[in-house]
Amino acid sequence: MEKENETKAEQVVNPWEVSAKGTGKIDYDKLIDQFGCQRLDKSFVDRVFRLTSRTPHIFLRRNVFFAHRDFNEILDAYERGEKFYLYTGRGPSSEALHLGHLVPFMFTKYLQEAFKVPLVIQLTDDEKCMWKNLTVEESKRLARENAKDIIACGFDISRTFIFSDFDYVGGAFYENMVKVAKCVTYNKVVGIFGFTGEDHIGKISFPPVQAVPSFPSSFPHLFSGKDKLRCLIPCAIDQDPYFRMTRDVAPRLGYNKPALIESLFFPALQGETGKMSASDANSAIYVTDSQKDIKYKVNKYAFSGGQDSVENHRKYGANLEVDIPFKYLSFFLDDDEELEHIRKEYGSGRMLTGEVKKRLIDVLTEIVERHRAARAAVTDEMVDAFMAVRPLPNMFN
Amino acid sequence: MEKEKAEQEEQVVNPWEVSAKGTGKIDYDKLIDQFGCQRLDKSFVDRVFRLTSRTPHMFLRRNVFFAHRDFNEILDAYERGEKFYLYTGRGPSSEALHLGHLVPFMFTKYLQEAFKVPLVIQLTDDEKCMWKNLTVEESKRLARENAKDIIACGFDISRTFIFSDFDYVGGAFYENMVKVAKCVTYNKVVGIFGFTGEDHIGKISFPPVQAVPSFPSHSIYWGMGSDDASGHSNFVDAMMRQDPYFRMTRDVAPRLGYNKPALIESLFFPTLQGETGKMSASDANSAIYVTDSQKDIKYKVNKYAFSGGKDSVENHRKYGANLEVDIPFKYLSFFLDDDEELEHIRKEYARAAVTDEMVDAFMAVRPLPNMFN
C-alpha cells in the first residue's frame with residue numbers, strides 16, 4: 001500500500017503501509033536498527049550451502065533476503081539433526097498477484113526443498129475482510145484463488161498445509177489465540193501497529209491470529225507431541241511487527257520463539273521509493289501479464305539509471321543504485337557470471353539501457369510464462385488437497 | 001465479583017461487576033432508565049399465561065424477571081405462529097454453583113417447556129480463561145462440570161444444544177464474530193464495558209463471542225440453511241448485568257441484516273447478608289450452594305440471612321418487619337409457592353445423575369429435527 005510521496009519525517013514500515021522518507025529510498029540499515037533484527041551476511045549463505053549441499057537460492061546470494069532473527073539457531077539445530085517447520089502467508093486482498101507477491105513463495109519453496117521440512121501457509125482472509133471491508137464470502141473466494149497461484153510455485157503436497165483463517169480458526173488454534181491475546185495489552189498493540197480508538201475491535205483482535213501459526217500446537221493434526229519444534233518464518237520485512245510481538249509472548253506461553261528470515265521490498269517499476277502496489281497496474285509485472293505486456297511495461301515504465309544521452313552514457317555509465325532493470329535482473333537473473341558482466345558493461349557505459357531492458361524482458365517473460373502454465377494446471381481438487389486437514393506422515397523425510 | 005462496600009458515586013452494573021451506590025441497594029428503576037430497557041409489567045404475565053395455557057413461572061409472577069427488550073415482539077410473533085429460539089449462558093468460573101446461578105436456568109427451562117422452542121446454551125470458557133486467568137484446560141474442565149449442573153435443571157435434549165467456546169468457535173460462528181467486530185470500534189467497547197489501555201486484547205476481542213449466538217446463521221446445525229435469519233428471532237434471557245453485551249448486539253444486528261435479539265432480564269439474587277449486590281462464589285456464606293446439605297442451609301439461613309425484623313420481640317410486635325430489606329422474606333418470594341422447586345434443589349437435585357455421556361449428548365453438534373414440535 002503506497003502513500004503519496006510527500007515529505008515525511010520518518011520512513012513508515014508496517015504491515016499496512018510502506019513508504020520512504022521524503023522522496024528517497026527505504027533505508028534498510030535504519031530499518032534493521034529500528035526493528036532490532038540482524039543482517040544476514042555472507043557467512044549464512046555459505047553455511048546454508050554446506051548444510052544443504054546445493055547452490056543457495058538466488059534470493060540469498062543477491063541479498064534479497066537480507067535480515068533475520070535467530071536464523072543461526074535454526075541452522076545450529078538443523079546441524080544437530082533437529083528439524084523445524086516453515087510458516088509463511090498471504091493476505092488475499094486481490095486476484096492480481098505481481099512478482100513481488102511471489103518472492104516469499106519462491107524462496108519458501110526453495111527452503112522446503114533444500115531442508116526437507118514441512119510448511120504451513122496462512123491465508124488471512126479474515127484480515128482482508130476486516131481491513132479491506134470485503135464480505136466474508138469474497139475474502140474466502142480470493143483466498144482460494146490465491147491458493148492456486150501459491151500452489152503453482154511448486155510446493156510439495158506431502159509436506160505442505162495451506163489454510164484460510166475462516167476455515168481453520170477453532171480448536172487448538174483458537175486456544176492459542178486466546179493465550180496470546182492474554183499476553184498483549186491494548187497499549188502494546190497501539191505501540192506496535194498504530195491502532196486508534198476509532199479502529200474496530202476486529203483489527204485489534206487480529207494480531208494473535210497471525211502469531212499463532214508460529215506455535216506447533218496450533219496444528220494438532222500435524223505436530224501433535226512436538227511442542228518444541230522450531231519455526232522459521234520467511235516473509236517481507238514489513239511483517240516483522242507481528243513476529244516481534246509473537247517472540248515477546250512465546251516464552252511466557254512456554255513456546256519457542258519463531259525465527260525469521262526477511263526480504264526487501266520488491267521495488268516498483270518506477271523506482272525504489274516504496275513497494276509495488278496492486279492498485280497501480282503499471283507499477284508491477286503481474287503473473288497474468290503477456291509477453292507483450294511485459295515488454296511494454298519494462299520499456300515504458302522501468303526507471304532507468306542510464307544517462308540522458310548515448311554520449312553521456314558512454315562517458316559516465318549507468319547509475320546502478322537507482323536503475324530498475326538492473327535491480328530486477330539482480331533478483332531474477334540466476335547466472336551470477338552474466339549478472340557480473342552486465343554490471344561491468346552497463347556500469348561503465350559500454351552497454352546501453354535498451355540492451356539491459358531486453359535481457360530483463362526475456363528473464364521476466366520466462367518466469368511469468370512458467371508460472372502461468374503451472375497455475376493453469378492447478379485444479380480445485382488440488383486446492384482441496386493442499387487445504388485438507390490431514391496428517392503429513394512424510395513431512396520430515 | 002463484589003467490590004468493597006466503599007462509598008461509590010454511582011452504582012456499577014456490568015458483566016464483571018455489580019455494586020450498589022454506597023451501602024444501599026441496587027436501584028433497579030434507575031438501572032432500567034440507564035440501560036434503556038423496559039419494565040416487564042403484569043400484562044405480560046397475563047399474556048404469557050394465555051399463550052402457553054399454563055401457570056406462568058413464579059419468577060414472572062414475582063417479578064424476578066422484571067425487565068425486557070422486545071419481549072412483546074416475541075409474543076406477537078409467537079401468536080402469529082412464528083417460532084423463536086432461546087439463548088442463555090454461563091461463564092464457568094468455578095464449580096461451586098449457588099442458587100443465584102440457577103435462576104436463569106430454571107426460568108429458561110420453563111420457557112422451553114411452555115413455548116416448545118429450542119435452546120442454545122453458551123459456556124464462555126474462553127472468557128473465564130481470560131478474566132480469571134485460568135488455564136485453557138481448567139476453564140474447559142469447569143465448562144463441562146457446569147454443564148452437568150445445567151443439564152440437571154431438566155432441559156429437553158431434543159431441543160437443547162450446549163457448547164463451550166473453546167470447542168465451538170470456528171466456521172460460521174467465527175465468521176459472525178468477525179462481522180460483528182467490524183461494526184464496533186474500540187471507543188465503543190470502552191464506553192460499553194469500561195476497558196482501558198492496560199486491558200489485554202483478549203478482553204477487547206471477547207464481546208462479539210457473546211453476541212453471535214444471538215444470530216441463527218451460526219447455527220448450521222439447525223439444518224435450516226445459514227441465512228434463514230429473518231424467520232427466526234432470538235430470545236435471550238440473562239441477568240441484567242449482561243445487558244451491555246446485548247445492547248451492543250442489538251445495535252449491530254440490523255447492519256448485518258439480522259433480527260435484533262429480544263431480552264428478558266432478571267434481578268440479582270441477593271446475598272444472604274443483604275441486598276447490596278449479588279451472591280459471590282468467593283464468599284461461601286453469602287449464598288446457598290447446590291451442594292449444601294439441609295444442615296448447611298439451616299446453619300447459613302439462621303446465622304447469615306439478614307433480618308428485617310426488629311431488635312426486640314416487643315418492637316417487632318409493635319412495628320413489624322421491614323420487608324424491604326428482609327432476606328428470608330425476599331428469598332421466599334423467589335421460591336415459595338413452588339415447594340417443588342426448593343425440594344427439587346435440596347433433595348431431588350439430579351446433579352449426581354448426570355453422566356459424562358449425557359454431557360456429550362447435549363454438547364454434540366447435531367441437528368435437532370424436533371426442536372419446534
Confirm whether A:Asn72 is closer than 25 Å to A:Leu119 by Cβ and either within 16 Å of the chain's Cα centre (by Cα) or not in a helix (DSSP H, G or I) (or both). no
Please identify the pairs in which a residue from segment A:240-253 that is over 15 Å from A:Tyr87 (Cα atoms) has its Cβ atom under 8 Å from the Cβ atom of a residue that is basic (Lys, Arg), counting only partners at least 6 apart or on another chain. A:Met245/A:Lys188; A:Ala250/A:Lys257; A:Pro251/A:Lys257; A:Leu253/A:Lys179
The conditions are (1) at pLDDT 95 or above; (2) more than 22 Å from A:Glu95 (Cα to Cα); (3) surrounded by 15 or more Cβ atoms within 10 Å (Cβ to Cβ), and A:Val389 fails exactly one of them. Which is it? (3)
All conditions in (1) within 29 Å of B:Glu138 (Cα to Cα); (2) more than 8 Å from chain B (Cβ to nearest Cβ); (3) charged (D, E, K, R); (4) under 26 Å from the mean Cα position of the chain (by Cα) are true of A:Arg159 except (1)
Mind checking which residues of segment A:169-182 are within 21 Å of B:Phe195 (Cβ to Cβ) and more than 7 Å from every other protein chain (Cβ to nearest Cβ)? A:Met177, A:Val180
When only residues in segment B:41-69 that are in a loop (DSSP other than H, G, I, E, B) and under 16 Å from the mean Cα position of the chain (by Cα) count, which is modelled with the highest pLDDT? B:His57
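Can you say whether B:Leu272 is buried (at least 19 other Cβ atoms within 10 Å of the Cβ), over 30 Å from B:Ala77 (Cβ atoms) and modelled with pLDDT of 85 or more, as far as the supplied structure shows? Lay out the reasoning, then the answer.
Working: buried (at least 19 other Cβ atoms within 10 Å of the Cβ): yes; over 30 Å from B:Ala77 (Cβ atoms): yes; modelled with pLDDT of 85 or more: yes.
So B:Leu272 fits the description; yes.
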Selection count where residues are out of contact with any Ser or Thr (no Cβ under 8 Å at 6 or more places or on another chain), in contact (Cβ under 8 Å) with a residue 60 or more places away in the chain and assigned to a helix (DSSP H, G or I), scope segment B:157-185: 3
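Residue check: is A:Ile261 in a strand (DSSP E or B) and at pLDDT 95 or above?
Values: in a strand (DSSP E or B): yes; at pLDDT 95 or above: yes.
Answer is yes for this residue.
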Kindly establish whether A:Leu86 is more than 28 Å from A:Pro241 (Cβ to Cβ) and aliphatic (A, V, I, L, M). no
Does B:Asp76 satisfy being closer than 24 Å to B:Pro15 by Cβ and either among the basic types (Lys, Arg) or at pLDDT 90 or above (or both)? no
In segment A:186-228, how many are facing chain B (nearest Cβ under 7 Å), outside any loop (DSSP other than H, G, I, E, B) and surrounded by fewer than 18 Cβ atoms within 10 Å (Cβ to Cβ)? 1
Among the numbered criteria (1) more than 14 Å from chain B (Cβ to nearest Cβ); (2) assigned to a helix (DSSP H, G or I); (3) of a type in the set (D, E, K, R), which one does A:Glu127 miss? (1)
Show the residue pairs that are 6+ apart or on different chains and have beta-carbon atoms under 8 Å apart, the first residue being within segment A:26-38 and without any contact (Cβ under 8 Å) to a residue 24 or more places away in the chain, the second being surrounded by 13 or more Cβ atoms within 10 Å (Cβ to Cβ). A:Asp27/A:Gln11; A:Asp27/A:Ala20; A:Asp27/A:Lys21; A:Lys30/A:Gln11
Before we move on, is B:Pro92 at pLDDT 90 or above, in contact with a strand residue (DSSP E or B) (Cβ under 6 Å, 6 or more places away or on another chain) and either surrounded by 15 or more Cβ atoms within 10 Å (Cβ to Cβ) or part of a strand (DSSP E or B) (or both)? yes
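Residues that are modelled with pLDDT under 85 and out of contact with any helix residue (DSSP H, G or I) (no Cβ under 7 Å at 6 or more places or on another chain): does segment B:352-361 have at least one? Even if it seems obvious, please write down each step before you answer.
Our first condition is that a residue be modelled with pLDDT under 85; within segment B:352-361, this holds for B:352-354.
Now narrow it down to the ones that are out of contact with any helix residue (DSSP H, G or I) (no Cβ under 7 Å at 6 or more places or on another chain): B:352-353.
Yes; the residues of segment B:352-361 include at least one that is modelled with pLDDT under 85 and out of contact with any helix residue (DSSP H, G or I) (no Cβ under 7 Å at 6 or more places or on another chain).
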Within segment B:140-153, how many residues are in a helix (DSSP H, G or I) and in contact with a Phe, Trp or Tyr (Cβ under 7 Å, 6 or more places away or on another chain)? 4
Residues in segment A:340-397 that are over 30 Å from A:His221 (Cβ atoms) and over 23 Å from the mean Cα position of the chain (by Cα) total 21
Tell me, yes or no, whether segment A:358-366 has at least one residue that is buried (at least 16 other Cβ atoms within 10 Å of the Cβ) and over 30 Å from A:Glu145 (Cβ atoms). yes
Go through the residues of segment A:100-114 one by one and say whether even a single one is in contact (Cβ under 8 Å) with a residue 24 or more places away in the chain, within 21 Å of A:Asp238 (Cα to Cα), assigned to a loop (DSSP other than H, G, I, E, B) and in contact with a strand residue (DSSP E or B) (Cβ under 6 Å, 6 or more places away or on another chain). no
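Applying the selection to segment A:132-154, what residues are of a type outside the set (Asp, Glu) and either within 10 Å of chain B (Cβ to nearest Cβ) or surrounded by fewer than 21 Cβ atoms within 10 Å (Cβ to Cβ) (or both)? Quick ask: steps written out before the conclusion?
First, the residues of segment A:132-154 that are of a type outside the set (Asp, Glu): A:132-136, A:139-144, A:146-148, A:150-154.
Passing the criteria: A:Lys132, A:Asn133, A:Leu134, A:Thr135, A:Val136, A:Ser139, A:Lys140, A:Arg141, A:Arg144, A:Lys148, A:Cys153, A:Gly154.
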Can you say whether B:Lys148 is modelled with pLDDT under 95 and more than 17 Å from the chain's Cα centre (by Cα), as far as the supplied structure shows? no
For A:Thr246, all conditions in the list (1) within 14 Å of chain B (Cβ to nearest Cβ); (2) of a type in the set (S, T, N, Q); (3) part of a loop (DSSP other than H, G, I, E, B) hold save one; what is the number of the exception? (3)
For segment B:297-324, which residues satisfy the criterion of being closer than 16 Å to B:Glu275 by Cβ and either touching a strand residue (DSSP E or B) at 6+ places or on another chain (Cβ under 7 Å) or part of a helix (DSSP H, G or I) (or both)? B:Val301, B:Tyr304, B:Phe306
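The values are calculated or read from the model by the stated rules, or taken from the named source; none is laboratory data. Everything numeric in this text was worked out from a predicted model, so none of it was measured. A quick note on method: Cβ atoms are made from the backbone with ideal geometry, for glycine too, and the neighbour counts reach across all protein chains shown.
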